[in-house]
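Working notes for the structure below.
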Amino acid sequence: ASVLAPDLPLARWLFGAYLSREGLFEDAMRELTAAAELSPDDPVIAYEVGVALALQGRMDAALDAFARSVDLDQAEGWGLVVMGLTEAELDRMEEAARDLAAGARLRPEDVEAQLLASLAAAASGYEDLAYEMLERGRQTAQAGDLPLLEAVEDRINEGGESARSLLAQDLLSGALRERLMNRP
């Protein structure tokens, strides 16, 4: 990308995104930084910088990049969900509940996002929001989603610590990793 199209932000961020998902972080950051310099107001580039940082385990820096991406495109639910998952990973559960719920509302077909938001809300003491997000998930759930939906409902009924436990111990790392590695 840097040889064939060094002045094309698209080529630089696509190559950087590929490199970050392959674990070649130094090269990925070089490409993504170049893309960001060429197009500083592109929310996708900011998002991909966040992905590269998160995959490196630099979660605080990743959160800053995700926040920039969301600021640049506030209607992009995927980025909000990933930002909320990153906040949950950093144990900033109130922020996670807020951003997961906002992202899930923008992605009504994303049952997993609804359920993750529900757990984060319950873990933060926002019972009404927890049940709202649970019901949103129920509305679009498929048969394969029902065991998780029931587990989430049980944990919410048991209280915030139980919801936090399911989120942090069983779901968070896998959901975040899956979303970092893939985009809709």
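The values are calculated or read from the model by the stated rules, or taken from the named source; none is laboratory data. Everything numeric here is computed off the predicted structure, so don't read it as measured data. A quick note on method: Cβ atoms are made from the backbone with ideal geometry, for glycine too, and the neighbour counts reach across all protein chains shown. Ligands, DNA and RNA are stripped out before the accessible areas are found, and what is left, the full protein with its side chains, is counted by its heavy atoms. Shrake-Rupley method; radii C 1.70, N 1.55, O 1.52, S 1.80 Å.
Key figures for this structure:
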{"read-out": "Any pair with Cβ under 7 angstrom, 6 or more apart, that starts in the stretch 7-29 at a residue that is without any contact (Cβ under 8 Å) to a residue 12 or more places away in the chain and ends at one that is assigned to a helix (DSSP H, G or I) and open to solvent by less than 30 Å² (accessible area, probe 1.4 Å)", "value": "27/19"}
{"read-out": "Test: residue in the stretch 139-150 that is of a type in the set (D, E, K, R), surrounded by 18 or more Cβ atoms within 10 Å (Cβ to Cβ) and either more than 24 Å from residue 59 (Cβ to Cβ) or at pLDDT 95 or above (or both)", "value": "no"}
{"read-out": "Any chance residue 75 is assigned to a helix (DSSP H, G or I), more than 10 Å from the chain's Cα centre (by Cα), at negative phi and small (Gly, Ala, Ser)", "value": "no"}
{"read-out": "Residue 119 vs. criteria touching a residue at least 40 places away in the same chain (Cβ under 8 Å), out of contact with any His (no Cβ under 9 Å at 6 or more places or on another chain) and of a type outside the set (Val, Ile, Thr)", "value": "yes"}
{"read-out": "The stretch 63-81, residues that are of a type in the set (A, V, I, L, M) and closer than 22 Å to residue 139 by Cα", "value": "75, 80, 81"}
{"read-out": "Number of positions in the stretch 10-33 that are in a helix (DSSP H, G or I) and surrounded by fewer than 21 Cβ atoms within 10 Å (Cβ to Cβ)", "value": "12"}
{"read-out": "Lone qualifier among 46, 52, 104 - being closer than 24 Å to residue 124 by Cα and free of Cβ contacts under 8 Å to residues at least 60 places away in the same chain", "value": "104"}
{"read-out": "Qualifying position, being among the small types (Gly, Ala, Ser), within 25 Å of residue 168 (Cβ to Cβ) and crowded, with 16+ Cβ neighbours inside 10 Å, among 84, 57", "value": "84"}
{"read-out": "Residue check for residue 34: in contact with a Lys or Arg (Cβ under 7 Å, 6 or more places away or on another chain), in contact (Cβ under 8 Å) with a residue 12 or more places away in the chain and within 24 Å of residue 95 (Cβ to Cβ)", "value": "no"}
{"read-out": "Qualifying residue in the stretch 110-128 (condition: farther than 27 Å from residue 58 by Cα, of a type outside the set (Asp, Glu), modelled with pLDDT of 95 or more and part of a helix (DSSP H, G or I))", "value": "yes"}
{"read-out": "Failed condition for residue 94, given (1) touching a helix residue (DSSP H, G or I) at 6+ places or on another chain (Cβ under 6 Å); (2) within 28 Å of residue 126 (Cβ to Cβ); (3) assigned to a helix (DSSP H, G or I)", "value": "(1)"}
